[in-house]
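The values are calculated or read from the model by the stated rules, or taken from the named source; none is laboratory data. Everything quoted here is computed from the prediction, not taken from an experiment. Quick reminder, even Gly has a Cβ in these numbers, built from the backbone with ideal geometry, and neighbours come from all protein chains shown. We work out accessible area using only protein heavy atoms, side chains counted, and drop any ligands, DNA or RNA first. Shrake-Rupley method; radii C 1.70, N 1.55, O 1.52, S 1.80 Å.
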Amino acid sequence: MPGGGFVERSLNVGVFGGSFDPVHIGHLVVAEQAAERLQLAQVRFVPARCHPFKAGHHASPEDRAAMVAAAIRDNPRFALDTRELARPAPSYTADTLRALGTASPGDALFLLMGADAAAELPAWQDVDAIATLATVVVVTRPGVAPPPHRLIGAVVEVPGMDISATAIRDAVRRGESIRYLVPPAVEAYIASHGLYRD
């Protein structure tokens, strides 16, 4: 190239936010399937410091981030993004997308969310700005229609998996097995740190 300049290649990047309390197999399946269908070079897992629509989290921000890091460490396409943990609560998606766009202005961002989160879109902070910052992608199970919303830019169907963080926490509390519901590294982290026992 004349002058020896360097042009940074733009990437398709998925942005996958949530409580991840704890991160589980369903989250990983969603991220992997979305990456394949949308040809994403990377999926960034963004744990929320304080979810605007939830009363609170059961594990600390540090524990939730550590569990995500453990869960995704063997997938080079996945990355942990802790920027929301460094900001004052609550965590607003529009602010995160702006920060990501500023850090990598050439990247095309794809905001990944489930149908339940999509149903809450009308109540999101600065919702109209979100579609200008990223393509809004709703991930849903086969045969389940996403809620109608003008900002939804794409829909990705993934295998139906009836796994929830609430059910996992309840199982831990009862002393039941969570094997195969979470990655082995997350299972080990929960046990070694005594999470979700109370």
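Look through segment 89-98, keep the residues that are within 8 Å of R49 (Cα to Cα) and open to solvent by 40 Å² or more (accessible area, probe 1.4 Å), and return whichever of them is modelled with the highest pLDDT. It would help to see each step written out before you state the result.
Step one: of segment 89-98, the residues within 8 Å of R49 (Cα to Cα) are 89-91.
Subset that is open to solvent by 40 Å² or more (accessible area, probe 1.4 Å): 89-90.
Values: A89: 75, P90: 79.
Per the stated criteria, the residue is P90.
Looking only at helices (runs of 4 or more DSSP H) that fall completely inside segment 37-132, which ones have 3 or more residues that are within 15 Å of the chain's Cα centre (by Cα), within 21 Å of Y196 (Cβ to Cβ) and free of Cβ contacts under 8 Å to residues at least 60 places away in the same chain?
The helices (runs of 4 or more DSSP H) meeting that bar are 61-72.
For segment 16-31, enumerate the residues that are over 16 Å from A69 (Cβ atoms) and not in a helix (DSSP H, G or I).
Across segment 16-31, there are no qualifying residues.
Just the residues that are open to solvent by 60 Å² or more (accessible area, probe 1.4 Å), among the hydrophobic types (A, V, I, L, M, F, W, C) and at pLDDT 90 or above, please, taken from segment 150-178.
Hit for segment 150-178 is V155, nothing else.
Could you check how many residues of segment 99-149 are surrounded by 15 or more Cβ atoms within 10 Å (Cβ to Cβ) and among the charged types (D, E, K, R)?
Result for segment 99-149: 1.
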